[in-house]
Amino acid sequence: MSGKIAVVGTGKIGEALLVGLLKAGRAPADVLVTARRPERAAELHARHGVAAVENAEAAKLAETLILAVKPQDLPALLDELAPHVSADRLVISAAAGIPTAFVESRLTPGTPVVRVMPNTPALVDQGMSVISGGAHAAEHHLAAAEAVFDGVGRTLRLPESQQDAATALSGSGPAYFYFLVEAMIDAGILLGLPRDKAHELIVQAAVGAAVMLRDTGEHPVALREAVTSPGGTTISAIRELENHGVRAALLAALEAARDRSRELGAATGA
């Protein structure tokens with residue numbers, strides 16, 4: 001990827017992408033950032049050595065724009081950027097629920113747009129980012145977007161029709177694990193363990209289980225069954241999870257997250 005890159009909106013995910021770009025070898029002089037608050041802009045400049053500019057200036061100078069803003073903020077931002085974005089720029093939108101067609105409709109006709117849904121483990125270089133190309137995005141545009149997000153984890157291409165499902169599963173996914181870990185820590189306390197010990201036990205169990213899922217290639221059912229001895233402690237716990245409808249609750253939760261992603265897009269007129 002050549003030319004300047006601008007990260008427009010530098011909250012936690014935006015700054016994680018900024019760090020990923022720099023780790024991947026981008027020179028600070030080739031990366032621009034924007035921030036709403038002057039003190040945030042000064043902080044980013046001091047911490048990373050990048051130039052903090054206004055949104056319009058970023059649009060004029062950068063060949064690639066990464067829009068890392070909340071979906072409700074995207075329409076006004078696009079109106080601000082549109083006069084300065086020519087069709088030879090690449091626009092990457094990380095706003096949940098907003099289709100590429102909506103972004104394209106606010107920009108110069110023919111502008112390539114790539115939609116991305118990252119997640120917060122990008123902050124520790126373990127993110128999962130789902131990428132979909134718009135009507136004018138060619139292979140090299142998708143590859144450029146992958147190069148950005150590969151710097152903070154892994155990327156996966158999906159048809160845009162599956163983005164809302166991916167948002168529910170991956171974008172929101174870490175929160176479900178945190179919720180489960182929180183509940184298990186509380187259970188450890190109920191069983192008589194000190195909070196810090198329960199925390200250490202459960203977090204390491206979660207990390208170990210995740211690495212086994214990733215590195216062994218085994219189906220989660222096979223890995224679960226390997227822990228589940230006949231008449232043992234694990235099967236007793238699994239029975240209670242099934243009796244309390246945990247599986248059904250997860251299915252319903254992800255459907256609700258997918259529907260909310262659709263609603264966010266509809267609320268902007270997308």
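Summarising the amide proton neighbourhood of Leu32: residues at separation of 5 or more, or on other chains, whose placed amide H is nearer than 5 Å comprise Ile5, Ala6, Val7.
Note that the range 155-170 has calculated 3J(HN,Hα) couplings of 10, 9, 8, 9, x, 4, 4, 9, 5, 5, 5, 5, 4, 5, 7, 9 Hz, one per residue in order, obtained from phi through the Karplus relation 6.51 cos²θ - 1.76 cosθ + 1.60 (θ = phi - 60°); glycine and proline are x.
Percent relative contact order of the range 5-158, based on C-alpha pairs within less than 8 angstrom and at least six residues apart?
Answer for the range 5-158 is 21 percent.
In the range 94-172 the Cα-Cα distances spread across 5 Å bins starting at 0 as 3, 17, 28, 25, 17, 8, 2, 0 percent of all pairs.
Span-like helix check, the chain: qualifying full DSSP H segments, with Cα axial length of 20 Å or more and mean Kyte-Doolittle of 1.0 or more, are 173-190.
With a 1.4 Å probe and all protein chains left in place, how much accessible area per residue does the range 5-158 have, in Å²? About 41 Å² of surface per residue is accessible. Highest mean packing first, where packing is the average number of other Cβ atoms within 10 Å per residue, the peptides 128-139, 64-75, 32-43 line up as 64-75, 128-139, 32-43.
Within the listed set Ser236, Ser93, Ser105, the residue fluctuating most in the Gaussian network model of the chain (springs between alpha-carbon atoms under 10 angstrom) is Ser236.
Mean silhouette area of the chain, derived from the convex hull of its C-alpha atoms and averaged over all directions, reads 16.4 nm². For Gly127, the residues whose modelled amide H falls within less than 5 Å of its own, excluding neighbours fewer than 5 places apart on the same chain, are Ala122, Gly153, Arg154.
Average 1/r across all pairs of distinct alpha carbons in the range 1-125, invert it, and you get the Kirkwood radius: 14.4 Å.
Each residue of the range 109-115 was assigned a 3J(HN,Hα) from its phi angle through the Karplus expression (A = 6.51, B = -1.76, C = 1.60, θ = phi - 60°), giving x, x, 5, x, 10, 10, 9 Hz with x at Gly and Pro. Highest GNM mean-square fluctuation among Gly232, Gly110, Gly188, for the chain modelled with Cα contacts below 10 Å: Gly232. As a fraction of the 1.4 Å probe accessible area of the chain, surface on carbon and sulfur atoms comes out at 60 percent.
The values are calculated or read from the model by the stated rules, or taken from the named source; none is laboratory data. Note that the structure is predicted; figures quoted are calculated from it, not measured. Positions of Cβ are backbone-derived with ideal geometry, glycine not excepted, and every protein chain shown enters the neighbour counts. SASA here: full protein model, heavy atoms, side chains in, ligands and nucleic acids out. Shrake-Rupley method; radii C 1.70, N 1.55, O 1.52, S 1.80 Å.
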